[in-house]
1. Check the stretch 29-43 and report whether any residue there is closer than 30 Å to TYR68 by Cβ and either of a type in the set (A, V, I, L, M, F, W, C) or touching a His at 6+ places or on another chain (Cβ under 7 Å) (or both).
2. Can you name every one of the helices (runs of 4 or more DSSP H) wholly within the chain that holds 2 or more residues which are touching a residue at least 12 places away in the same chain (Cβ under 8 Å) and under 16 Å from the mean Cα position of the chain (by Cα)?
Amino acid sequence: MKITSIIAIYGLFWVMAAFLVLPFGIRTPDETGHAKVAGQADSAPSNFNPRRIVIRATVVSAVLFAFYYANYIHGWITVADLDITTYMAHN
């Protein structure tokens, strides 16, 4: 696998992981006891920390990419394994 492919696929895993970890640990002003700003939505976070999101997304994406790359090298799950048309034809 080329390094450019590795970077692109890892980037996709990172974005997916960022959206995955985004809601964890977020608290509303009602939960933290902070005062709301005028016009603020009730669900707006009061403790948003982008550094925490980046670190968590990096760890999760590294683990997921490691599994993906190991599968790429060892061929545990192939495209043929995911082809349901041949499975349906035999049953």
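1. The answer is no; no qualifying residue exists.
2. By residue number, 3-21, 50-74.
To keep it simple, each residue is scored yes or no on (1) more than 30 Å from MET1 (Cα to Cα); (2) modelled with pLDDT of 90 or more; (3) among the hydrophobic types (A, V, I, L, M, F, W, C); (4) surrounded by fewer than 16 Cβ atoms within 10 Å (Cβ to Cβ).
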site: ALA18; (1), (2), (3), (4): no, yes, yes, no
site: PHE24; (1), (2), (3), (4): yes, yes, yes, yes
site: THR28; (1), (2), (3), (4): yes, yes, no, no
site: SER43; (1), (2), (3), (4): yes, no, no, yes
site: PRO50; (1), (2), (3), (4): yes, yes, no, yes
site: ILE53; (1), (2), (3), (4): no, yes, yes, no
site: ALA57; (1), (2), (3), (4): no, yes, yes, no
site: SER61; (1), (2), (3), (4): no, yes, no, no
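The values are calculated or read from the model by the stated rules, or taken from the named source; none is laboratory data. Quantities reported herein were computed from a predicted structural model and do not represent experimental measurements. FYI the Cβ positions are ideal-geometry reconstructions off the backbone, even for glycines, and counts take in every protein chain you see.
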